Structures are given as C-alpha cells and as structure tokens.
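Asker: Here you go, one structure.
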Amino acid sequence: MRSPAFLYISLFSMIAPLAIMAQPEKNLSLTDAVLLAKQHNRALKVNSLDISMAREQVRQAKSLRLPSAQLGAQYLHYFALPAFFGFGENGSASKIPYARFGGRDQFAGTISATYPVYNPIAAPARKSAQLQERLSQESYRQSSIDLVADVQQTYLGILVLAERVKLQQESLLRNEKALADARSLLAQGRGLRVDTLRAYTAVQNLKPDILKLNYAIEVGKQQLITLMGTDSITQIHLTDSLAVQAPVAVPTENELYEQALRQRPDLQALALQQQVSEQQTSLAKAARLPVVSVIGQYQIASQARSFDFVNANWPSTSFAGAHVVLPLFTGYSNQAKIKQAALAQQQSGIRLTEAQQALKTNVKQVIADLKESYDRMQTQLKVKETALQSYEIVQYRYEKGVTSRLELTDAELALTAAQLNYLEAVFEYRSAEIALARTSGLEGVAK
C-alpha cells in the first residue's frame, strides 16, 4: 500500500503543470523586453549601485579640504588619590617626594576643531574619485548596451526556434499526407513497400526534432525572463516577428571606427583608467609633502569627592595654533607607490592602444558580416521561392500520376531545407545588426 506522502507527491506532479498552463501569458514585444530588462535586471542594478558608491567616494575625497570637529568626554575614578611629585616630605637624596590630594572622581569635556590649510593629497584624491565615478558610469553604460544586445539576441533566437517549429510542423503534415498516400497505394497494390517505409521514417524523424525545438523555446523564454529580472512572469508570448522591415544603412569602416572611438563605453573607460593612473601618481607624490592644519581646543575639567560634581570647580582651558606634519621617512613606501602608479599608467596606455587596434579588426568583421548576411538572405529568399514553386509543380505532377513518390519526397526535402536556410540567413542578418549597434557603442534599436 502506497503512503499518503507518495499519493500527495503524485497528485502535485499532475496538478503543477496544469497550474502553470493556467497562468495567463504576457504579450511581450522586443521593445517591452528591452525596457523591462533595463528596469529590473539585477546585474544592471549592481552597476547602478557602483555609481552611487563612487559618488560617496567623491564626497569622502572632498572632505579632505573641509574642517573637522570632535567632541570628547572622559570620566576617571581613582581608587587612591592622584599622586603629585615634588610635594610632601617623604623624599630623600635619591627619591623625589610626592603627595596625594584632589578628588577620586575626575571628569573632562573637550571640543576640538581642525582645519587643513594645506593638504597636498586633497586635489589628486578628489580628481581620482571623480574619475572613478565616471568609470562607474561608463561601466554601467557598457553593461546596458551588452544587456540590450543579449535580450535582443535571446528574443530573436526564440523567434527563430518558433519559426523552425512551424516549418517542421508543416513538413510533418506533408510527410504524414505522403505516408497516408503511400499506405493507400500499397493497399491497392499500386505502390511499393519501400515507399511506405521511407515515408514512415521521414515522419518519425521529424517528431523528436519538433519536441527538441519546443524544449529549446521554453529554455530560451526562461533565459529571457532571467535577463529581464521579472521572476513573477512565468509565461510569455512574443509578439514581434523575425521579418526584416528595412535593411540598415551600412557605414564605411572609417565612419564606424570613428563613431566607436567616440561612443564606446569600454574605450572611454580605458582612457579614463589612464587618467586615474596619472592621479594616483600625483597622489603618491603628494604624500611626501607637508600637511599644514589650524587647530583649536576648548576643555573643561573638574575633580570631586564622592562624585559631587555639582559643587565642584570647573576650570576651563583653551588654545589655538598650527599643526605641521612632514613625513621624513616612510620605509620607501611612497617611492614604491609612485613606481606602481607609473607602471599602472603604462599598462593603461598599452591596453587602450591594443583595444583601438582590435576595434579596427572588429569593425571590418562586423561590416563584412552585415553585407554577407544581407546578400545571403536575398539569395536564400529566391532559393526558397524557387523550391516552393518546384514542390508545387512536382506535387501537381504526382497527383496526376506523372512523377514518382521519390521525386515528390526529394522536392519536399529541398523545400524544407530552403526554408530553414532562409530562416537562418534572416537570423544572422538580424544578429549582424545587433553586432553593428554594439560595436558602434549604441543600444540596438528594436524593430
């Protein structure tokens, strides 16, 4: 006898898929998917928090030029009265006399202020923090561009899979009709058994392909939901199509290269990183200079017996002055920091030059892919139309008994292959458009 837990699990396994299927689908266009991703994507939110942290670092750096104030208090209880040397009669030729007097309870309150008149690290620290803020902003912009491209690529990938399912289902219907015809002819003694077996094999080969494509669509939709950061949505229906409305204008290599240099956040970040290294060098050099500050303090203090501060005296002490700190020797740490900053600056320059050289290759590749995929798409469109016409002619000839089943099967396979090749060409062209936008430093425009 099965346990109640087993029956509950079995019942849940049957009800859960039905509950998922019962949830209404959300119609989702490509534009909506991009907007939702930019609003809710978790990685993008992390980058936005980096910008906020960088702004706080700028505030912290600016505080190096601002005055600071402290309020302090101290309470002491002496188990024996405080000792004062130089008083009393308990001294000798080798010992200094001392006496104990005062109160066992002592309290002191202090207000002090410091104003940095000259702090050589303040300016480079502020500039470095501001550059770090701009670096965070460029990193956020690059992440946004990458996210938009990933969403578009995933969205288009799901559309391709859906179109492939549609084409495979159409092919399945044609092959099932061919199987029915082959069986009918075989029963009438007018057909061959090998034709029936061939048609049956074609039908059975298409079914697992369709099942695999449907699973791939569900995985793709889950990836899209994760990119959008909308876990509350479990069922989505894509409303856009894969069709190319109008081809994009193909820029020249020089135009695309200049545009990418101006707008690509990753290249801007490399240039900013070089400036950050320069400020780090200035910061390390400034640490060897003196720091001059104006200081002031006001203090009140008292001693009392038996914690009787109410009736105690409260004398005050105040002073103002200047404070100068000149680092004489820091164990060669400043020299090491200066050298490290100079090496980091060289690294940044090399990385920037390397990225600019790699951009030239990327630009050439992107434009070549865009042109090639467009030409191939146009060619595959003509091939698809030709294959459709050929299939219709062969089907008509077969129905009239002029041609064989094998010729019709070959025409059907050629039509399916042409349709799939055209679908792949359209997807690669749309992918090339996305790559063009990413290379130029722009967010791809949803179509």
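The values are calculated or read from the model by the stated rules, or taken from the named source; none is laboratory data. Keep in mind it's a predicted model, so treat the numbers as computed, not measured. Ideal geometry is used to build each Cβ from the backbone, glycine not excepted, and the neighbour counts take in all protein chains shown. For the accessible areas, the whole protein counts, side chains as well, though only heavy atoms, and no ligand, DNA or RNA atoms are used. Shrake-Rupley method; radii C 1.70, N 1.55, O 1.52, S 1.80 Å.
Asker: Among the aspartates and glutamates, which fall within straight-line cross-link reach of Lys400, defined as a Cα-Cα distance under 20 Å, with same-chain neighbours fewer than 8 residues apart omitted?
Answerer: Candidates past the 8-residue exclusion: Glu176, Asp181, Asp195, Glu392, Asp410, Glu412.
Asker: Okay, moving on. Per residue of the chain, what 222 nm ellipticity follows from adding -39500 (n - 2.57) for every DSSP H run with n ≥ 4, rounded to the nearest 500? Mind showing how you got there, number by number?
Answerer: Numbers: 9 runs with 290 residues, N = 447.
Taking each H run of at least 4 residues, the total per residue is -23500 deg cm²/dmol.
Asker: Separate question: Taking a spot 7 Å from the Cα of Gln357 along the direction of its beta carbon, which residues of region 271-315 have an amide N less than 20 Å from it?
Answerer: Of the residues in region 271-315, 271-274 have backbone N under 20 Å from the label point off Gln357.
Asker: With r defined as the distance between the Cβ atoms of Asp410 and Gln188 and R0 fixed at 35 Å, what FRET efficiency is calculated, to the nearest 0.05?
Answerer: Details: r = 23 Å, r/R0 = 0.67.
It comes to 0.90.
Asker: Return the label of the correct value of P(r) over Cα pairs in 10 Å bins from 0, in percent, as calculated from the structure shown, out of (i) 4, 19, 28, 26, 16, 6, 2, 0, 0; (ii) 4, 12, 14, 14, 13, 11, 9, 8, 6, 4, 3, 2, 1, 0, 0; (iii) 5, 23, 32, 25, 13, 3, 0.
Answerer: After the calculation, the listed value that fits is (ii).
Asker: Same structure again: Where a Cα-Cα gap under 17 Å defines reach, which lysines qualify for Lys212, not counting those fewer than 8 residues away within the same chain?
Answerer: Result set, ordered by chain and number: Lys166, Lys221.
Asker: Ok, one more. How large, in percent, is the carbon and sulfur part of the accessible surface of region 292-447 at a probe radius of 1.4 Å? Mind dumping the intermediate values first?
Answerer: Working: 5410 of 9580 Å².
Ligands and nucleic acids excluded, carbon and sulfur give 56 percent.
Asker: Order the peptides 304-314, 406-416 from the highest to the lowest mean number of other Cβ atoms within 10 Å of their residues. Please list the in-between numbers first.
Answerer: Details: 304-314: 11.5, 406-416: 18.2.
Highest to lowest by the protection proxy: 406-416, 304-314.
Asker: Starting from the Cα of Lys364, step 7 Å along the direction of its Cβ; do the same at Thr239; then give the gap between the two resulting points in nm.
Answerer: 4.4 nm
Asker: Could you state the accessible area per residue of the chain in Å², with a 1.4 Å probe and every protein chain left in place? Intermediate values should be presented prior to the final figure.
Answerer: Details: 27290 Å² over 447 residues.
Roughly 61 Å² per residue, with all protein chains present.
Asker: Also: So for each of 203-209, 417-423 I average, over its residues, the number of other beta carbons within 10 Å; can you give me the resulting order with the highest mean first? Walk me through the numbers before you get to the answer.
Answerer: Numbers: 203-209: 13.3, 417-423: 19.4.
Going by the mean number of other Cβ atoms within 10 Å, highest first, we get 417-423, 203-209.
Asker: What is the spin-label model distance, in nm, from Glu25 to Thr386 if the labels are put 7 Å beyond Cα along the C-beta direction?
Answerer: Each label point lies 7 Å from its Cα, and together they span 3.6 nm.
Asker: If you don't mind, another one. Once each part is reduced to its C-alpha centroid, what is the distance from region 146-171 to region 256-317 in angstrom?
Answerer: Spelled out, the Cα-based centre of one part sits 54 Å from the other.
Asker: Using the alpha-carbon atoms, what tilt in degrees (0 to 90, nearest 10) does helix 253-263 show relative to the longest principal axis of the chain?
Answerer: That works out to roughly 40 degrees.
Asker: Mind listing the long-range amide H neighbours of Asp240? Cut-off is under 5 Å, sequence gap 5 or more, other chains count too, H placed in the peptide plane at 1.01 Å from N.
Answerer: Counting only residues 5 or more places away or on other chains, the set is Leu30.
Asker: Multiply the residue separation of Ile295 and Ala83 by 0.36 nm, subtract the distance between their alpha-carbon atoms, and state the gained length in nm to one decimal.
Answerer: Numbers: separation 212, 0.36 × 212 = 76.32 nm, distance 3.10 nm.
Here the segment from Ile295 to Ala83 would lengthen by 73.2 nm.
Asker: Say each of Ala246 and Asn214 gets a label point 7 Å from the Cα, pointing the same way as Cα to Cβ; how far apart are those two points in nm?
Answerer: 4.0 nm
Asker: Give me a comma-separated list of calculated 3J(HN,Hα) values for region 163-176, in order, Karplus coefficients 6.51, -1.76, 1.60 applied at θ = phi - 60°, integers in Hz, x for any Gly or Pro.
Answerer: Each residue's phi maps through the Karplus curve to give 5, 5, 4, 4, 5, 5, 5, 4, 5, 5, 4, 5, 6, 5 Hz.
Asker: Here's something else I'd like to know. Working out 0.36 nm times the residue gap between Ala417 and Ala73, then minus their Cα-Cα distance, what length gain in nm do you get to one decimal?
Answerer: Values: separation 344, 0.36 × 344 = 123.84 nm, distance 8.61 nm.
That pair, Ala417 and Ala73, stretches by 115.2 nm at full extension.
Asker: For the Cα atoms of the chain, what angle does the longest principal axis make with the long axis of helix 265-286, in degrees from 0 to 90, nearest 10?
Answerer: The two axes meet at around 20 degrees.
Asker: Would you list, by chain and number, the lysines whose Cα falls below 24 Å from the Cα of Lys371, excluding same-chain residues fewer than 8 positions away?
Answerer: Filter leaves Lys360, Lys382, Lys384, Lys447.
Asker: Specify the angular offset, from 0 to 90 degrees and rounded to the nearest 10, of the alpha carbon long axis of helix 405-440 from the longest principal axis of the alpha carbons in the chain.
Answerer: The two axes meet at around 20 degrees.
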